[in-house]
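FYI, it's all coordinate maths here, none of it is from the lab. What you are looking at is a predicted structure, and each value in this text was computed from that prediction instead of being measured. Counting neighbours? That spans all protein chains shown, and the Cβs are built from the backbone with ideal geometry, glycine included.
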Amino acid sequence: MKTIQPINIWVNGKTLIGTILSSYCINDNLLSSATFYFQVLSADLTPLSSGNLIMTGSDYTAYESNQYAWDWIATQLGTTIIGDYVAPVTENK
């Protein structure tokens, strides 16, 4: 998961703030296309938006690393990755 610049998302009549991007590849034919499932999450990990993105053509030809895929996904969603997601640490008492 990655942290992203905050993005406003309309959910059930309210504007909520997405700050986390989660994604993974659900299909790659190893020839011409890859399909990625994504979720935009709030800071408390509530899903706000989700869907599939299909990478094809010159985008797929240039796809050689996970970082390329993350950047491509963020671009498709109109947001910017600002870092890796680090889960909060809670102390046990």
field: Crossing angle, helix 66-77 versus the chain [Cα axis fit, 0-90 degrees, rounded to tens]
entry: 70 degrees
statement: Here the alpha-carbon Rg of the chain over 2.2 N^0.38 Å rounds to 1.19
- prompt: In whole percent, what relative contact order does the range 2-84 give with Cα contacts below 8 Å and a gap of six or more residues?
  reply: 29 percent
task: Please arrange Thr90, Thr35 by counting, for each residue, the other beta carbons lying within 10 Å of its beta carbon, fewest first.
output: Thr90, Thr35
- prompt: Any idea how far the Cα center of the range 7-36 sits from the one of the range 56-93, in Å?
  reply: 10 Å
- request: With springs only between Cα atoms under 10 Å apart, run a GNM on the chain and tell me which of Asn12, Asn52, Asn27 wobbles the most.
  value: Asn12
